[in-house]
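Chemist: Structure in structure tokens, see below.
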Amino acid sequence: MLKSGILNPQLLSLLARVRHTNMLVIADRGFPYWPMIETVDLSLVDNIPTVLQVFEAVRDSCDVGEIFMAQEFLAENTGTVVDAFSTAMKDIPVTYEPHTLFKTKIPRAIGLIRTGDTTQYANMIIVSERLEEDA
């Protein structure tokens, strides 16, 4: 029996299949459904869990090489929210782009994790790190 780390078996299965340069979406509660993408729905009620909480758990289990987020996230949220995300993302490169461009990447993701988050534009695409020997 697992005693620490990610406990959700469906999420663990998805994460185990992430390979170099694969993309994984962590989305808020209102993110559109994409029938062609495996979805792990962790939403319970508003803001449980949040995108940031899920990202932190995933970050601790995977090698994240880069992150994409909607540039609207920066404009629609308080400095406190933006700072919390920035702190959690540490030194991982982040690209902020218009949400319409952000959404064009979604079909290339191997999975989507839905949260209960209500934070505006908090959705993120995380890209697994490429090993130097694969470069």
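Chemist: Residue by residue through the range 34-49, what is 3J(HN,Hα) from phi via Karplus (6.51 cos²θ - 1.76 cosθ + 1.60, θ = phi - 60°)? Round to whole Hz and write x for glycine and proline.
Modeler: Once θ is set to phi - 60°, the couplings for the range 34-49 become 10, x, 8, 10, 4, 10, 9, 9, 9, 5, 10, 9, 3, 6, 10, x Hz.
Chemist: Hey, another quick one. Tell me the label-point distance for the pair Glu38, Tyr96, using the 7 Å Cα-to-Cβ offset, in nm and rounded to one decimal.
Modeler: The modelled label-to-label distance comes out at 3.3 nm.
Chemist: About its Cα centre, how strong a charge dipole does the range 9-130 have in debye, to the nearest 20, once Lys and Arg get +1 and Asp and Glu get -1 at the Cβ?
Modeler: For the range 9-130, the charge dipole is close to 440 debye.
Chemist: Any idea which of Thr115, Leu15, Leu42 is furthest toward the positive side of the dipole for the range 9-130, if Lys and Arg beta-carbons carry +1 and Asp and Glu beta-carbons -1?
Modeler: Result: Leu15, furthest along the dipole toward the positive end.
Chemist: Please arrange Ser13, Ser128 by counting, for each residue, the other beta carbons lying within 10 Å of its beta carbon, fewest first.
Modeler: Final ranking by Cβ density, sparse to dense: Ser13, Ser128.
Chemist: List the relative contact order of the chain as a percent without decimals, with contacts defined as Cα pairs under 8 Å and 6+ residues apart. Write out the running numbers ahead of the final one.
Modeler: Values: 230 pairs, mean separation 64.8, N = 135.
Computed value for the chain: 48 percent relative contact order.
Chemist: Given the options Gly111, Gly65, Gly79, which has the most mean-square fluctuation in a GNM of the chain, springs set between C-alpha atoms less than 10 angstrom apart?
Modeler: With Cα springs under 10 Å in the chain, the top fluctuation among Gly111, Gly65, Gly79 is at Gly79.
Chemist: How far is it, in nm, from the label point at Thr21 to the one at Glu129 when both lie 7 Å from their Cα along the line to the Cβ?
Modeler: Using points 7 Å along Cα→Cβ, the separation is 1.7 nm.
Chemist: When the helices in the chain are scored as -39500 (n - 2.57) per DSSP H run of 4 or longer and the sum is shared across all residues, what 222 nm value do you end up with, to the nearest 500 deg cm²/dmol?
Modeler: Calculated from helices alone, the mean residue ellipticity at 222 nm is -7500 deg cm²/dmol.
Chemist: Sticking with this one: Taking R0 as 22 Å, what FRET efficiency do you get between Asn47 and Ala88 from their Cβ-Cβ distance, rounded to the nearest 0.05?
Modeler: 0.90
Chemist: Can you sort Lys103, Lys90, Lys3 so the residue with the fewest Cβ neighbours within 10 Å comes first? Walk me through the intermediate numbers first.
Modeler: Details: Lys103 17, Lys90 8, Lys3 5.
By the 10 Å Cβ count, ascending, the order reads Lys3, Lys90, Lys103.
Chemist: For a quick check, take a GNM of the chain with Cα springs below 10 Å and name the residue from Leu112, Leu52, Leu44 with the largest mean-square fluctuation.
Modeler: Ranking Leu112, Leu52, Leu44 by mean-square fluctuation puts Leu44 first.
Chemist: Is any helix in the chain, taking whole DSSP H runs, at least 18 angstrom long along its axis by alpha carbon and on average at least -1.0 on the Kyte-Doolittle scale, and which ones?
Modeler: Long hydrophobic helices here: none detected.
Chemist: Most exposed first by the Cβ proxy, i.e. fewest other Cβ within 10 Å, how do Thr21, Thr50 rank?
Modeler: The fewest-first ordering by Cβ neighbours comes to Thr21, Thr50.
Quick note: the coordinates plus some simple rules give every number you see, no bench work behind them. Because the structure is a prediction, the values reported are computed rather than measured. With ideal geometry, Cβ positions are generated from the backbone for all residues, glycine too; neighbour counts draw on all protein chains shown.
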